[in-house]
Amino acid sequence: MEALLNEWLWREEFWIPPGNHWKDMEMKEGEGHFPLPRHLIYTLPLALIFIAIRYIFERVIAIPLSKVLGVKDRIWIRAASIPKLEAFYKQHSQQPSQSEVVGLGKQCGLSQRKIQTWFRHRRNQDRPSSTKKFCEASWRFFFYLTSFTAGLGSLIDTPWFWDQSECWRGYPKQPVSEAHYWYYMLEMSFYLSLLLSISVDVKRKDFKEQVVHHIATIILIGFSYIANYVRVGTLVMLVHDSADIILEVGKMLHYALWAKTCDVLFVLFALVFLVTRLYVFPSRIIHSTLIVSMQFYEPFFGYYFFNALLFVLQLLHIYWAYLILRMVYRFAFMGKIEGDVRSDEESPVDDNEEEEEDGGECSWEQRKDAINSRLASLANNCVLNNLTNQTNRNSRLPKTR
């Protein structure tokens, strides 16, 4: 089996430039170590450790912090226990069609309106609470902040941090320091843990894009490590973590209903995201891997594959930038953020929901006042109509006489 892997998977033309051999990659004692494929096996147990640490973090730190910041969970009306509707909800669809509603009404002896109301209550019952969303955001904020701080500390004194052409000087025989080794292992383990837990996390509007992003990131980190693209890989991870820190803290305050602070953070996040993902990433990193690298070695399979993965990430950046610019437009012309289309929002709420999530801030008193004002305007219209009709009757009396 090992001979087959060495013959097909670890062929030199796949992983290193022409004219280089695996035996040339051996490092002398004291020079550091060369990245080996077997190192990536450690990321799976590390990912499981991350999931365990997250479980403890959310219950020991995140939940108490949510109470301090004033995060409150909405209490939804629980759907009545109707076995036939429950079985249909779990096995077929959460949003039945009109013909299915009619059929379910005949089976259960209920009107169509009651069937639709039951399904609305049942969907609301499955909505994740604000505390759960806050815990997810706080865990990611903690990791991104720690990763960005440690990564910046390990890269600030390196020559390739300031001059990206240094990423390729001496390639592929470049030793990897202990700090950058752990930076890679922990970053890949974290994204692997996110992919493993994505089925139980809050399902968001950009769920498919998030899955593609996680898979592309894991493959990108793993391939760049094996092919010893570690120098440019550390820059890619650092650029991505910078904007994610602001995004996650903005989510936390959004769930705590700190509206003004959240708006300020959103503007800051939009600026950092657009600068790092639409300017720094393509102009510095992709330009370096696509153009500058060819000055130091001839293109090979790894060159094309690595750049293809970077372009996949860039396409996702453009998609998310489009969503962010829509929010910026709404914020600039409406004065506030309504119907957030960023990736921190869940699947869209039905238009006919009895209680929409975005209306969570409205108190019962405000709703009662709105109802009273509508009733008053309706009563005034009725009085005016009565007076008008009475005047018309009086004007007809002389003619009748």
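The values are calculated or read from the model by the stated rules, or taken from the named source; none is laboratory data. Just so it is clear, the model here is predicted, and its values are computed rather than measured. Counting neighbours? That spans all protein chains shown, and the Cβs are built from the backbone with ideal geometry, glycine included. Keep in mind that these areas ignore ligands, DNA and RNA; they rest on the heavy atoms of the full protein, side chains included. Shrake-Rupley method; radii C 1.70, N 1.55, O 1.52, S 1.80 Å.
Of note:
- Hey, A227 surrounded by fewer than 22 Cβ atoms within 10 Å (Cβ to Cβ) and either in contact (Cβ under 8 Å) with a residue 12 or more places away in the chain or in contact with a Leu (Cβ under 9 Å, 6 or more places away or on another chain) (or both) or not: no
- Only listed residue being more than 30 Å from V249 (Cβ to Cβ), open to solvent by 30 Å² or more (accessible area, probe 1.4 Å) and part of a helix (DSSP H, G or I), chosen from S99, S93, S81: S99
- Within segment 36-52, being touching a Ser or Thr at 6+ places or on another chain (Cβ under 9 Å) and not hydroxyl-bearing (S, T, Y) holds for L44, P45, L46, A47, L48, I49, F50, I51.
- In segment 263-277 there is no residue that is among the aromatic types (F, W, Y), surrounded by fewer than 20 Cβ atoms within 10 Å (Cβ to Cβ) and modelled with pLDDT under 90.
- Annotation: of all residues in segment 298-333 being at pLDDT 85 or above and among the hydroxyl-bearing types (S, T, Y), the one that is nearest to T261 (Cα to Cα) is Y322.
- Sole residue being over 30 Å from E178 (Cα atoms), modelled with pLDDT under 90 and among the hydrophobic types (A, V, I, L, M, F, W, C), chosen from A62, A87: A87
- Qualifying positions in segment 181-215 - within 26 Å of F301 (Cβ to Cβ), within 19 Å of the chain's Cα centre (by Cα), open to solvent by 10 Å² or more (accessible area, probe 1.4 Å) and in contact (Cβ under 8 Å) with a residue 40 or more places away in the chain: M188, L192, V212, H213
- Residue count for segment 48-78, restricted to those that are assigned to a helix (DSSP H, G or I) and of a type in the set (D, E): 1.
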